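*Asks:* Okay, handing you the structure first.
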Amino acid sequence: MHHAPAKTSASLVARGQVPREAPARRWYYGAAPGQQPLHAALLVSSLLLLALAGCSQEMDEQPRLEVYETSEFFEDGLAMRPPVEGTVPRGGLRLDVHFFEGKVGGQLATSWPDDITIDRAFVERGRERYDAFCSMCHGLAGYGDGTVVARGFPAPPSYHIDRLREVPHGHIYDVITNGLGRMPRLSDRITPRDRWAIVAYLRAMQIGQHVEVDDRLRAEVERATAVEKSPGDGKGRPHE
Ligand code: HEC
């Protein structure tokens, strides 16, 4: 073919493998005789392009609606259509009300959902999540004396009172999920499984702290643990 060698040498020029002044280059940019065929080809191809552009324009400019645009076509005036009623996002089928809402038969669950196994790893996970998401208000041991409270936030009740020892697991799950009074809902930050892990850890804390000791002994224990604590921590932990 006639063009092939010229193309090859042009790319060699581009890659710096042929000196820029090599004669091959002049076929494109040189004066007089060599340039005629190129001009003709350019003219033809630009005409072709114009013709093609003419065709595609119609398709490009068909009437269409953008995301969030208004539309008179639908009654609600929106271009975007809501999903059909009953549509479930992938992975969003939350049929297990016990697991996802902490309820059984419309009542706060007193049992654990079938889907979770309470073992050491699960409670450890709960403790890690508790420390990250709850301890700043409720305190590391759950006495309602976290660092935020020390700075003036209203104190939550201690977990170690009879009423909270007796509430169903589902109540604690529900408080984490939906908040309560001045406590914010945390469902957007903590997955359902992790919420159950926290409930399990909270139960472990309650059991761990519910030891009948006389006040003198308790005071001694508290003094002893206070010495070991790192400065600023302020609280001991029930299970260390
Ligand atoms: C920003 C501070 C804050 C955080 C964070 C927080 N809480 Fe609370 N929590 C409170 C306050 C304040 C109350 C008391 C709410 C009221 O009765 O108005 C409370 C109440 C509770 C109660 C008692 C509900 C009752 O029936 O009295 C439980 C249980 C509880 N929180 C668990 C948790 C758990 C578990 C977490 C972490 C996942 C958590 N909270 C995170 C501030 C907080």
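Each reported figure results from applying straightforward, stated rules to the coordinates on display, with no laboratory input. These numbers come from a predicted model, not from an experiment. Please note: Cβ atoms are built from the backbone with ideal geometry, for glycine as well, and neighbour counts cover all protein chains shown.
*Asks:* As a footprinting exposure proxy, order Ile118, Ile198, Ile207 by other Cβ within 10 Å, with the fewest listed first. List each step's numbers first, then the result.
*Replies:* Values: Ile118 16, Ile198 26, Ile207 12.
Final ranking by Cβ density, sparse to dense: Ile207, Ile118, Ile198.
*Asks:* If amide H atoms are built 1.01 Å from N in the plane of the peptide, which residues on other chains or at least 5 residues away come under 5 Å of the amide H of Met183?
*Replies:* none
*Asks:* With +1 on each Lys and Arg Cβ and -1 on each Asp and Glu Cβ, and nothing else charged, work out how big the dipole of the range 34-178 is about its Cα centre, in Debye to the nearest 20.
*Replies:* Details: 12 positive and 21 negative charges, 135 e Å.
That gives a dipole near 660 debye.
*Asks:* Moving on to the next point. Determine, for Met59, Met80, Met205, Met136, the number of other Cβ atoms within 10 Å of each Cβ, and report the residues in order from fewest to most. Intermediate values should be presented prior to the final figure.
*Replies:* Values: Met59 7, Met80 12, Met205 24, Met136 16.
Sorted ascending by nearby Cβ count, the order is Met59, Met80, Met136, Met205.
*Asks:* In what order do Arg185, Arg120 fall by count of nearby beta-carbon atoms within 10 Å, going from fewest to most? Spell out each step's value before the answer.
*Replies:* Details: Arg185 14, Arg120 7.
Starting with the residue having the fewest Cβ neighbours, the order is Arg120, Arg185.
*Asks:* Quick check: from the Cα gyration tensor, does the range 97-228 come out rounded (a/c under 1.5), prolate or oblate? Please report the intermediate quantities before stating the final value.
*Replies:* Values: a/c = 1.84, a/b = 1.53, b/c = 1.21.
Judged from the Cα gyration tensor, the range 97-228 comes out prolate (a/c at least 1.5, a/b above b/c).
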